[in-house]
Ligand SMILES: Cc1cc2nc3c(=O)[nH]c(=O)nc-3n(C[C@H](O)[C@H](O)[C@H](O)COP(=O)(O)OP(=O)(O)OC[C@H]3O[C@@H](n4cnc5c(N)ncnc54)[C@H](O)[C@@H]3O)c2cc1C
């Protein structure tokens, strides 16, 4: 059965290669950080006129697609080898924290990194290997010193709920228990490096002023979601990585082994993972042995479209994948070949909205103004959702609309800071500095400034017209180029706007229940329309680990595979279906914490984690 399956895949790939599509995919995946534009994704779909052969009813888990055919190496033929205590594969967010914790404990570590030390372009911006800026540990002293409190148990429950319970609560609890410790440890290293971390900006939601429902019986949809992100502190992830790398060099003489791509794990006769085969830039293969273990810290597979097709059920509807094109799911594959249990599909992604390949070409990761809770309409001009939702929520809602795209309709009030506040942009959506400044020009994320909006108007990414009728005509004219078609029903669209204006006038959204605070009529010319779609930043599913970060076997016993650990986005069990917007259990914080845990586990060192002693735990907070 497998042979048939593989044969079919191979034939399909050859056919695509013949049309040039596969070559396009390969180029996009391996040569740079080009976004996954829809056109490219669509071009990889099967356009065969002959019926596809049966899949032989092979479970997805047992299918072997082209990208996951296990490579064979002759170990004896590989002459170069090194032996260390621990091999860490991947040296960005989770990997660098793990490496530093190992070095502090006196371990001899090698850190393999497929990239070089230059910045990588992600979306429209050049970053170091670590990407992002909002560090959500379960709690942290920066927030504590600012008198800010958080209900940790509530966050854990939300994390479990949003994951539909397909998560390992022991793992989540451990990350929560150790969050403040790891955050303090990270801040200490940054201080030693000379960074000012005592005045970091914390997302404390001063503008949190949702209108309660008349009955107050339940939270308004989006009430938690839109605002959540509580108390994460803000520092560019690349700066943290840089500080760790510099300090590791200064204090321990450690240097990252750059341009060295791990290919396959090495196991001994007992099944224990004892090392990894890696390839240097000149093609040389090297065996790196880890006496105590190997830690996979290779991130997700945002750069591997074939893997996305296998594991993301809606892969065809993502307009852009923003993360590093060089993260190709290598750790997932290596773990899989070593017998690990890969998370069942559908996998988790960090869904995003306001995504647009055109805006990335103009130098921005996303269209900030498109993500505000203005009026959203679909390809036909119909309103389809409560616009006051989380990032992922908006993205998911778009993905099931016609063409998987939408228009954000707004007017010239976008320049008014009072309106911007009430539209409630937080973290990456914030378009005003009334309460806070954040990193970026003018204290706002570069994508969310009014200058960015103006740039995108000038670039023709945002359409502008003096009347709504003219705007509708423009949307019809430009729609095909934006991949949203030309079927906008002009009369219907004008009625949609009129209806929305009526609801705003009344101050109550009978149609979708949007918070009245964000109900603004579309009545101040000029008028704007911008097409956006659903995308994702990173994938967050890989091989299952337990609370010790030990990789679990595919065998139903789920016994740990000796010697193998996984951290960050290549490790499963923490998120499912969708990234939780709770920054306090956010991705960067989790990556750092799991790196810290794995470092101690692989060395067999105990970690202080009595929840009662965990600093700033909610019980202490409310005392
Ligand atoms: C635009 C953007 C903004 C974001 N903002 C935030 C934010 O504000 N807050 C937040 O919490 N999260 C944010 N994220 C998500 C966050 O960046 C990631 O989830 C997190 O960095 C994952 O850490 P990781 O260690 O698992 O993977 P990575 O940080 O991606 O590290 C993986 C490393 O492994 C290397 N590697 C891969 N394969 C191999 C191999 N075979 N051999 C050797 N090396 C290999 C890679 O080159 C890379 O250096 C953002 C993501 C994006 C794209």
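Things to note:
- In plain terms, the bigger the Kirkwood radius, the slower the diffusion; for segment 351-537, with that radius from Cα pairs, at 25 °C and 0.890 mPa s, Stokes-Einstein puts D at 152 µm²/s.
- Antiparallel DSSP beta bridges within segment 464-623, percent to nearest 5: 75 percent
- For segment 519-560, there are no residues whose amide N sits under 11 Å from a probe point set 7 Å from the Cα of residue 169 along the beta carbon direction.
- With semi-axes defined as the square roots of five times the eigenvalues of the C-alpha gyration tensor, the equivalent ellipsoid of segment 430-575 measures 45, 21, 19 Å, largest first.
- For peptides 149-156, 412-419, 355-362, sequence by mean Cβ density within 10 Å, most packed first: 355-362, 149-156, 412-419
- Over segment 372-470 - Rg/Rh using Cα atoms and the Kirkwood inverse-distance radius: 0.96
- In terms of packing, defined here as the mean over residues of other Cβ atoms within 10 angstrom, the peptides 491-498, 592-599 line up highest first as 592-599, 491-498.
- Under the Debye formula (equal points on every Cα, no solvent term), log10 I(q)/I(0) of segment 62-126 at q = 0.17, 0.19 Å⁻¹: -0.91, -0.97
- Rel. contact order, % - alpha carbon contacts under 8 angstrom, at least six apart, segment 351-537: 35 percent
- Residues 69, 276, 167 arranged by fewest to most Cβ contacts within 10 Å: 69, 167, 276
- Here 447, 482 are placed in order of increasing Cβ neighbour count within 10 Å, fewest first, which gives 482, 447.
- Ranked by how many other Cβ atoms sit within 10 Å of their own Cβ, fewest first, the residues 58, 342, 88 fall in the order 58, 342, 88.
- Taking segment 48-194 and dividing mean pair separation by its residue count, relative contact order in percent (alpha carbons under 8 Å, at least six apart): 15 percent
- Extension gain for the segment residue 498 to residue 313, taken as residue separation times 0.36 nm less the Cα-Cα distance, is 62.9 nm to one decimal.
- Extension gain, residue 558 back to residue 191 (0.36 nm per residue minus Cα-Cα distance, nm): 128.0 nm
Just so you know, all these numbers are worked out from the coordinates, no wet-lab data involved. Since the structure is predicted, the reported quantities are computational estimates derived from the model, not experimental observations. Backbone-built Cβ (ideal geometry, glycine too); neighbour counts: all protein chains shown.
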